[in-house]
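The values are calculated or read from the model by the stated rules, or taken from the named source; none is laboratory data. Keep in mind the model is a prediction, meaning the values are calculated, not measured. Cβ coordinates were reconstructed from backbone atoms using ideal geometry, including for glycine residues, and neighbour counts include every protein chain displayed.
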Amino acid sequence: MVSSTQKRVLLHVLFWIIYLSSQALIWMNFYESEEIIKLPGSAEPIIIKKGAFASFWKAFLNEIMEMPGKLFAVYTTFYFLLPRFLFKKRPLSFSLGLLSTLALAGILQALIIYFIIFPIFFPGLNAAKSVINFQKYLQYSAITSSVVMFTGAIKVVSHYLTEKSKYDLIEKQQVSAELKYLKDQLNPHFLFNTLNNLYGLSLEKSDKTPGLLLKLSGIMSYVLYEANTSNINLSKELSVINDYLEIEKIRCGERLFVSFHTSGNKDQIRIPPLILLPFVENACKHSTTDELEISRINIFLEISDEKLIFTVENSKPEITHFSKESETHGVGLINAQRRMNLLFPEKYSLDILDEEKSYLVKLTLQI
């Protein structure tokens, strides 16, 4: 099995083979010279064209001989300048280091060209006279900079994508952990309120208790098991809401009036579990207090134009003061809003209308 290090080495080798081959094809016969000769007995001159690198292999060999300076510049940038300076947000140090690296690479490459390439391909030239030539150093540095910039850009993009992937993974894990935390808080809170309601009936030894326990069993099954998925059918959440309202109506008797209306096609809609239920639970909690002789809860669900509009209005005692930040909302409602912030950022709105004798919550959700 090939290790990650071996894969990296193979990729680098493949890159340099492709680079050398493409450069050899570019420079093959690029430099041409003309020589005019006259053959004995012929009045017409003959023009002979000569290429500096007349064949692919000569051009390829020339590129190989230029490799030390380029390798020095590329891998110094890769493994020293980029991670130590640029990726640590020290652009000035990186720029100075890059210029110094290119200057050293230009000198190194110039020396190789003058003392290796010239003797092989241009044996008639006196390379020693041309060694100290700052213009040539600059030219070779510029040639080297092209491959450094190209490979450096690949490294920077790769680093950015890797860091972004890590950041996205961490953010996803954090969101997932917070969602789990909020759901874990919501489930016991909801069940605690429901059990409190049943406890009151059990003290009265009401005949309604067995039926309520059966409905509670269905709600508990939904909250503890079915709600552990990321999405459920909207109809399932509405069914649980109906069961919860039935428990409340039996518990409160004739002093609680509930209306629940829906419109639009809800069969194919899927939503995160326990998104709507906390609003209903909150309305029941604050409208079925002893301070109110008659309690009213009006619920309306509308599906239209890829939007879900869920409105819950409940009566409230005049002495109760609600606000978005108030603890009287209950843990369930606050957690539901925090979950929507995580699940539907910028894709939902929550409007709250707090009046003297009523309290209204309107959730608009893009679906």
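Are any of the residues in segment 242-250 among the hydrophobic types (A, V, I, L, M, F, W, C), closer than 30 Å to residue 347 by Cβ and not in a loop (DSSP other than H, G, I, E, B)?
Taking every residue of segment 242-250 in turn, at least one turns out to be among the hydrophobic types (A, V, I, L, M, F, W, C), closer than 30 Å to residue 347 by Cβ and not in a loop (DSSP other than H, G, I, E, B).
For the list (1) among the aliphatic types (A, V, I, L, M); (2) touching a Phe, Trp or Tyr at 6+ places or on another chain (Cβ under 9 Å); (3) at pLDDT 70 or above; (4) surrounded by fewer than 16 Cβ atoms within 10 Å (Cβ to Cβ), I need the number of the one condition that residue 64 fails.
For residue 64, the failing item is (2).
Tell me, which residue of segment 270-314 that is acidic (Asp, Glu) and surrounded by fewer than 18 Cβ atoms within 10 Å (Cβ to Cβ) is farthest from the chain's Cα centre (by Cα)?
Result: 293.
Might you let me know whether segment 110-117 holds any residue that is in contact with a helix residue (DSSP H, G or I) (Cβ under 8 Å, 6 or more places away or on another chain), at pLDDT below 75, outside any helix (DSSP H, G or I) and at negative phi?
Checking segment 110-117: not a single residue is in contact with a helix residue (DSSP H, G or I) (Cβ under 8 Å, 6 or more places away or on another chain), at pLDDT below 75, outside any helix (DSSP H, G or I) and at negative phi.
Restricting the first residue to segment 335-357 and requiring it to be on the phi > 0 side of the Ramachandran plot, which pairs with a second residue that is of a type outside the set (Gly, Ala, Ser) and at pLDDT 85 or above meet a Cβ separation below 8 Å and a spacing of at least six or different chains?
Filtered contacts from segment 335-357: no entries.
Does segment 73-98 hold any residues that are surrounded by fewer than 18 Cβ atoms within 10 Å (Cβ to Cβ) and under 30 Å from residue 60 (Cβ atoms), and which are they?
Within segment 73-98, 75, 78, 79, 80 qualify.
Name the single residue that is modelled with the lowest pLDDT among those in segment 323-343 being surrounded by fewer than 17 Cβ atoms within 10 Å (Cβ to Cβ) and assigned to a loop (DSSP other than H, G, I, E, B).
Only one residue tops the list, namely 325.
Name the pairs: first residue in segment 265-294 and in the same structural domain as residue 338 (by TED's automatic domain parsing), second residue hydroxyl-bearing (Ser, Thr, Tyr) and assigned to a loop (DSSP other than H, G, I, E, B), Cβ to Cβ under 8 Å, at least 6 apart or on different chains?
272/230; 273/229; 286/320; 289/320; 291/320
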